[in-house]
Amino acid sequence: MADRKGMGAFQSVAGGKPLAKKVNPYLYLVPAFLVMGVITFYPMGYQVWMSLTNFGIKNLRFDAPLPDWVGLANYIKILTTNLGLSNFSFWRMLGFNLFWTFSNVIIHVILGIVIAVVLNTQGVWFKRVYRALYILPIIIPQIIVANIFRNMFDPDYGAINQGMAMIGQLFGLSPDIFHIRWIDQIDYPIAAIPLTLSYFALLITNVWLGWPFMTIVATGALQSIPKELYEAAEIDGASGLQRLRAITLPLLRPAMVPAAVYGMVVTFNLFTLIYFLSGGGPIRRTEILLTSAFRLVNEQRLYGVAAAFSMFIFLVLLGLTLLTNRIARATESYDV
Amino acid sequence: MSERPPSRLRNLPAKALGRFSRRIQAGKRLGLGQQLLVQLFLLVIAFSAIYPVLWILSLSLDPRDILRPTELRLIPQGASIQAYREVFIQPTPNPVSWTELAINSLRLSLGTALASVIVGVFAAYAFSRLRFAGRPALMIMVLTVLMLPAIATLPALFVLLNKVQVSVGGADFNLRNSLWGVGLAVLSTLLPFAIWNLKGYLDTIPRELEEAALIDGCTQNQAFFRVTLPLAVPVLAVTGFLGFMSTWSEFAISWQFLTDPKNFTLTMALFNMVGQYAGNTSWSKFAAMAIMIALPVSIIYLYLQKYIVSGLTLGGVKG
């Protein structure tokens, strides 16, 4: 019995693919693509059409008339900052979004590597304890982290200001100077740099969130570097710093580049943190594309404009993905 | 991006995770001075990682029932669980209990996670193992959707789901204004993630096992159901959990879709407690709520994380 079955399998392999075998792979794909067709691809197509109309609340009811065709008007209004919404500038938000992404990821990667290198120094005590604690920022849902930090940055009762006031008192400083309005101060803390305090509050929070991931990746890479390399370098008389520059950092690169690329996409789309911590404020200075898109739907209810805005998000993300893929591929040869 | 699963671990090679928890030895010892310096550095980092958690914990245990904390104190005197009790009975002014909110969140998260894994695993298997015409194009389609955050398709999903309205016996049902509608919208981003994640995992299950089964006379379908699928159970659980966690902390879609407090999820209630109209929600209640949302998933995450590590580093023959 078993033999005959075995023969059958061999015969069908020898005799080329029967039709059933050719159809089979598509049967596996049917459920997923059927579902995605209905709830993903059709809405995406529908959204392209929406973006070319003035779809608003009045068109929302199922028996409502079709919205008017307006062509590219929505797109032009967005690009020329002509939506009649105060402080709503697509270009400024795009610029902020990109700056936000890069500034975060650079700090995450550097901090992640530094901590991983220190933690992996031979003979450090309590390594296991530290590793267990360092995982904390990863396991807490982001929406909770954002809300906790929102409270911590409260000017009157938040832990950050109170903590700084406590430390300041040790040096005889009045607690009043630590009444910092992290979230809603409009003036730039450093006049020459157009970044509000809320940006720094967001940055601090996201650094808190982001470095452990990079440390984990870097730790994995560090531990796969052969010890012999360091021994050889030591024999050749290389100092600690030289070993770091010539061995550790180059060999970390193949692991860190994909991690950084992934971090960039996540940070670019970090809706939850920004929506809950700064709310994009003050005066939309920390708004990223996604939070603005959400407001266009949720608050302004300009569905047509929101659809067009989402198309821009799609294009920007596509560009970012292609760019980062190229960066990742350029370093592929490093991976031995 | 509400929400690609929040985990920053999901794209991690199993090797890296395994090594993170493995001790390394060898080499020369640190001098005492250096050791203390390193300890100081690591302690400061550890403190900053724990501090927000301790702070929220101490807030939630504050017995004084005041609106705002007036001093920094890690262990409040006479700690009480009063705030937890209040939140459990009714977290927001809406007449909905924590349990009802949690059941909504649970139904939504469990439903979308299960659906994404069950539907996704077939496609993942096809992409991982089978050769067919149009494979690259279809994979790019999945990847494109994967790249797109949920909010970027929110306008269309909102409008389209809102069109599905039926009136049964005087009771109006609007798909958009129900957990089913939210579930569908969430699934539209969860499914590509599940396909991609599962494909990555399936790639690591040695192909030889299946080939052996084929030679022994299995059909391709039998090889999938009897060999690969059972081996992939841990992977399905992990992917399912990541999806669960992302829906559990999902906010944007449910906030946009749902209007009836009876359908609200935990994160929506949390937003009600911290939003601009929540000036008189005491921070201890907010803190208790935050902990009661985070704790269940955090514990499972911690547990599963070990599971991912041991499961994938010990069992893996590189394929």
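Observations on the structure shown:
- Check on B:Leu161, under 30 Å from A:Tyr42 (Cβ atoms), surrounded by 21 or more Cβ atoms within 10 Å (Cβ to Cβ) and more than 17 Å from the chain's Cα centre (by Cα): yes
- Members of the stretch A:275-290 found to be closer than 19 Å to A:Leu98 by Cβ and either surrounded by fewer than 24 Cβ atoms within 10 Å (Cβ to Cβ) or more than 11 Å from chain B (Cβ to nearest Cβ) (or both), listed by number: A:Ser278, A:Gly280, A:Arg284, A:Arg285, A:Thr286, A:Glu287
- The residue of the stretch A:116-142 that is surrounded by the fewest Cβ atoms within 10 Å (Cβ to Cβ), among those that are more than 7 Å from chain B (Cβ to nearest Cβ) and hydrophobic (A, V, I, L, M, F, W, C), is A:Val129.
- Looking only at the stretch A:244-270, residues that are among the charged types (D, E, K, R) and either surrounded by 16 or more Cβ atoms within 10 Å (Cβ to Cβ) or touching a residue at least 40 places away in the same chain (Cβ under 8 Å) (or both) come to 1 in all.
- Among the candidates A:Val207, A:Val217, A:Val266, residue that is within 8 Å of chain B (Cβ to nearest Cβ) and closer than 23 Å to A:Ile143 by Cβ: A:Val266
- Of all residues in the stretch B:159-179, those that are at the interface with chain A (Cβ under 10 Å from one of its Cβ atoms) have Cβ atoms under 7 Å from Cβ atoms of residues that are among the basic types (Lys, Arg) and not in a strand (DSSP E or B), 6 or more apart or on another chain, in B:Leu161/B:Arg176; B:Asn162/B:Arg176.
- Per-region count, the stretch A:298-323, residues within 29 Å of A:Asp187 (Cα to Cα), assigned to a helix (DSSP H, G or I) and more than 17 Å from the chain's Cα centre (by Cα): 2
- Members of the stretch B:123-145 that are surrounded by fewer than 22 Cβ atoms within 10 Å (Cβ to Cβ), more than 22 Å from the chain's Cα centre (by Cα) and not in a loop (DSSP other than H, G, I, E, B): B:Ser128, B:Arg129, B:Arg135, B:Pro136, B:Ala137, B:Leu138, B:Met139, B:Ile140, B:Met141
- Criterion: closer than 17 Å to A:Asn151 by Cβ, more than 10 Å from chain A (Cβ to nearest Cβ) and either at pLDDT below 85 or not in a loop (DSSP other than H, G, I, E, B) (or both) - qualifying residue of B:Pro63, B:Pro76, B:Pro69, B:Pro93: B:Pro76
- The stretch A:143-182: number of residues that are in contact (Cβ under 8 Å) with a residue 24 or more places away in the chain, more than 12 Å from chain B (Cβ to nearest Cβ) and surrounded by fewer than 23 Cβ atoms within 10 Å (Cβ to Cβ): 3
- Condition met for A:Thr248 (β-branched (Val, Ile, Thr) and under 24 Å from the mean Cα position of the chain (by Cα)): no
- Of the residues making up the stretch B:193-231, those that are surrounded by 20 or more Cβ atoms within 10 Å (Cβ to Cβ), over 28 Å from A:Leu19 (Cα atoms) and hydrophobic (A, V, I, L, M, F, W, C) number 2.
- For the stretch B:181-206, taking the residues that are of a type outside the set (A, V, I, L, M) and under 12 Å from B:Ser254 (Cβ atoms), the one that is nearest to the chain's Cα centre (by Cα) is identified as B:Gly183.
- Of B:Ala287, B:Ala232, B:Ala223, all but one fail to be touching a Ser or Thr at 6+ places or on another chain (Cβ under 8 Å) and either modelled with pLDDT under 90 or not hydroxyl-bearing (Ser, Thr, Tyr) (or both); the exception is B:Ala287.
- Counted residues, the stretch A:1-47 - those being touching a Gly at 6+ places or on another chain (Cβ under 8 Å) and either more than 8 Å from chain B (Cβ to nearest Cβ) or at pLDDT 90 or above (or both): 1
- Condition check for A:Met50: within 22 Å of B:Ala185 (Cβ to Cβ), more than 26 Å from the chain's Cα centre (by Cα), at the interface with chain B (Cβ under 8 Å from one of its Cβ atoms) and crowded, with 17+ Cβ neighbours inside 10 Å: yes
- Screening the candidates B:Ser109, B:Ser116, B:Ser105 for the property of being more than 25 Å from B:Leu214 (Cβ to Cβ), within 11 Å of chain A (Cβ to nearest Cβ), crowded, with 17+ Cβ neighbours inside 10 Å and within 16 Å of the chain's Cα centre (by Cα) yields one hit, B:Ser116.
- Any chance A:Leu98 is facing chain B (nearest Cβ under 9 Å) and in a helix (DSSP H, G or I): no
- Number of positions in the stretch B:145-154 that are over 14 Å from B:Leu184 (Cα atoms) and at the interface with chain A (Cβ under 8 Å from one of its Cβ atoms): 5
- Close Cβ contacts (under 6 Å, 6 or more residues apart or on different chains) running from residues in the stretch B:80-92 that are in contact (Cβ under 8 Å) with a residue 12 or more places away in the chain to residues that are outside any helix (DSSP H, G or I) comprise B:Ser80/B:Pro63.
- Residue check, A:Ala255 of a type in the set (Gly, Ala, Ser) and within 9 Å of chain B (Cβ to nearest Cβ): yes
The values are calculated or read from the model by the stated rules, or taken from the named source; none is laboratory data. As the structure is a prediction and not an experimental result, all values here were calculated from the model. Counting neighbours? That spans all protein chains shown, and the Cβs are built from the backbone with ideal geometry, glycine included.
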